[in-house]
Amino acid sequence: MKRHTHLAIIGPTFNFCRTRQRGAQFPSRLMGIFLAVALLLFCGKSLASTALPAQPTTVDSTAPRKSPTPGVDPTALKQFVHDYWQQRFTQHAQRVNWRDYQWQIEVSIPDAVSKLPPCRQPYQPEDSQVKFPVGRHSLRLRCPDSPGWVITTRSQISVLMPVVVARVATGQEHYLQESDLAVTQVLLTPQMDDVLTSPAQAIGRRPQRSLRAGQPVRNRMLEAAMLVRKGDKVNLTLAEGEMAISMQGTALQDGQKGETISIKNEKSGKVISASVSGPGQLLILNEAPVANPQH
């Protein structure tokens, strides 16, 4: 009995001890859960704080701003060169009474102009002494600022216009007639500064050299137009109102168109003055005898 009782006592005592051990573990687990929750809350707060957007940086609007300094505008520079050469050609065309021409220009400027400081004053072109602005030409431009700069531009100027050409090959001794000439579109070269635009400018004149068919006729190629030669038999016309009287005469001088020369009237023998109006044709200006006729 004693042994059994002891065992009975020992049994409950043993169980009691196991129960206490489990009860002692409960607060430890609870503490661990608490610590884990606290750790999660702390880490979550830290992560949330790092995810917030950065505060904007305050900029002082009163501080001066530095802007890049612009260089020379290539487009404006090309336009200046374009206008310069166009004006030069227009002046020449007006001087020689050219019309109906087509003018074109290609301007080339150095690539480094965009790196030059802008010019505050108007560009100053250095006159290249070009008399006839057609073909390839260079133009130096100076910026008068201090400090300034100088560049060289190059241009190709093309002009297409109607000019007088030889319709057929013509020799030196031949006086040009309207049938010898034609008008056609020609691309001018730098040597064609004196081309003719009307056949009337060449009729009655002799070429100093033979002309080939299709060759543009230039003023310097022709002798001065002598529409009347000394000793030629000419037709004289005296206009009185609506009436015109014609007579024959002999030229005592050579004469160009519009020039007044002395003519001997074949019928009366008088020497009178007459104006050359065309090949072998003269208009009587005054029937009074010439004081000192040139024989």
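Summary table below
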read-out	value
Accessible surface of the stretch 157-295, 1.4 Å probe, proportion on carbon and sulfur as whole %	49 percent
Estimated FRET transfer efficiency when R0 is 41 angstrom, pair S179-S108 (beta carbons, to 0.05)	0.35
Solvent-accessible surface ranking, highest first, for D194, D111 at 1.4 angstrom	D111, D194
Ratio of the Cα radius of gyration of the stretch 178-295 to 2.2 N^0.38 Å, where N counts its residues	1.30
Per-pair calculated FRET efficiency, R0 = 41 Å: A213 and Q87 via Cβ, rounded to 0.05	0.70
Span per principal axis, largest first, for the Cα atoms of the stretch 103-260 (Å)	78, 36, 28
Enclosed volume per residue, in Å³, of the convex hull spanned by Cα atoms of the stretch 128-173	118 Å³
The stretch 81-122: Rg to Rh, with Rh as the Kirkwood radius over Cα pairs	1.16
Residues with amide H under 5 Å from that of S262, placed H, sequence gap 5 or more	L252, Q253
Relative contact order for the stretch 222-275, counting Cα pairs under 8 Å that sit 6 or more residues apart, in percent	30 percent
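The values are calculated or read from the model by the stated rules, or taken from the named source; none is laboratory data. Everything numeric here is computed off the predicted structure, so don't read it as measured data. Positions of Cβ are backbone-derived with ideal geometry, glycine not excepted, and every protein chain shown enters the neighbour counts. For the accessible areas, the whole protein counts, side chains as well, though only heavy atoms, and no ligand, DNA or RNA atoms are used. Shrake-Rupley method; radii C 1.70, N 1.55, O 1.52, S 1.80 Å.
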